[in-house]
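Asker: I am attaching a structure below and will ask some questions about it afterwards.
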Amino acid sequence: MILKILWLSGFSLSVLFFIAKLMGNKQISQLSVFDYIIGITIGNIAAEMATSITDSWIEPLTAMLVYGFAGFFISLITIKSPKARKFILGKPLVIYKSGKLYEKNLLKAKLDITEFQMLCRNSGYFNLADVGTAVLEHNGQLSFIPAAARRPATPEDLSLFPKQEEITVNVVLDGRILETNLKQLGKNKIWLTDKLNAQGFSGAENISLATCDSAGDVSVYVKIPKSETKDLFE
């Protein structure tokens, strides 16, 4: 009995992994209502299959695959068809614009004014005067356009033209030099050793992480064997 539960648990996890990869990589906040419902349903079926001692596991497996492929095909349909996307996922709603709250859209979104203010505060807007436009996306998140007079200045506003930053690459991880990443940067182990020596490190053994940016600057983060005993957040 125990062996059967262990086998079914492992098998259901494998099926869940396959279905998750099939449906794509989305964060919880990015899931549509349909994706969320399918995810919960598949999880419940998987749990029942794992603990099914006397019943057959073929039926729940079939149901999991049906729900998984349904989610996959719905995703394809919403990508290909704008009309289907609006029908299945819904469309964005303008909640606030230029000092005006749109009451009908608040009702459609099932939001009251205090909840709207809370969502604004969660995004860093404690004063509605700082908001130019607020749009409720189909996944329930609010998107904002700051008021023009209160938005932060950009380099373009100041007639500055900084260089485009590139991805920072790991070159040392857990005391091990990542030579493949160095090759992608056009660097080698000797170059990295010189950079580490210049910062007082004879090798990579005591380095937890070292990164290299597009300018060739190496940032080093060392390993500390002892734990921090003082509570910094009390």
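Asker: Considering each of Ala147, Ala198, Ala204 in turn, give the residue that is open to solvent by less than 100 Å² (accessible area, probe 1.4 Å) and either in contact with a Phe, Trp or Tyr (Cβ under 8 Å, 6 or more places away or on another chain) or closer than 30 Å to Leu93 by Cα (or both).
Answerer: Ala147
Asker: Right, next: Taking region 124-139, which residues are part of a loop (DSSP other than H, G, I, E, B), without any contact (Cβ under 8 Å) to a residue 40 or more places away in the chain and not hydrophobic (A, V, I, L, M, F, W, C)? Don't jump to the end; show me each part of the working.
Answerer: Keep residues of region 124-139 that are part of a loop (DSSP other than H, G, I, E, B), which gives 124-127, 137-139.
From what's left, without any contact (Cβ under 8 Å) to a residue 40 or more places away in the chain: 124-127.
Matches in region 124-139: Gly124, Tyr125, Asn127.
Asker: Are there any pairs with C-beta distances below 7 angstrom linking a residue in region 185-210 that is modelled with pLDDT under 90 to a residue that is part of a helix (DSSP H, G or I), with the two at least 6 apart or on different chains, and if so which?
Answerer: Between residues of region 185-210 that are modelled with pLDDT under 90 and residues that are part of a helix (DSSP H, G or I), the close pairs are Ala204/Leu196.
Asker: Among residues belonging to region 10-59 that are assigned to a helix (DSSP H, G or I), at pLDDT below 75 and of a type in the set (Gly, Ala, Ser), point out the one that is farthest from Lys86 (Cα to Cα).
Answerer: Out of the qualifying residues, it is Ala50.
Asker: I'd like to verify a number: residues in region 171-187 that are on the phi < 0 side of the Ramachandran plot and surrounded by 12 or more Cβ atoms within 10 Å (Cβ to Cβ), how many?
Answerer: Pass one, region 171-187, residues on the phi < 0 side of the Ramachandran plot: 171-173, 176-185, 187.
Add one more test, that the residue is surrounded by 12 or more Cβ atoms within 10 Å (Cβ to Cβ), and what stays is 171-173, 177-179, 181-182, 185, 187.
Residues meeting the conditions: 10.
The values are calculated or read from the model by the stated rules, or taken from the named source; none is laboratory data. Computed from a predicted structure; not experimentally measured. Note that each Cβ is placed from the backbone with ideal geometry, even for glycine, and that neighbours are counted across all protein chains shown. Note: accessible area is taken over every heavy atom of the protein model, side chains too, but ligands, DNA and RNA are not part of it. Shrake-Rupley method; radii C 1.70, N 1.55, O 1.52, S 1.80 Å.
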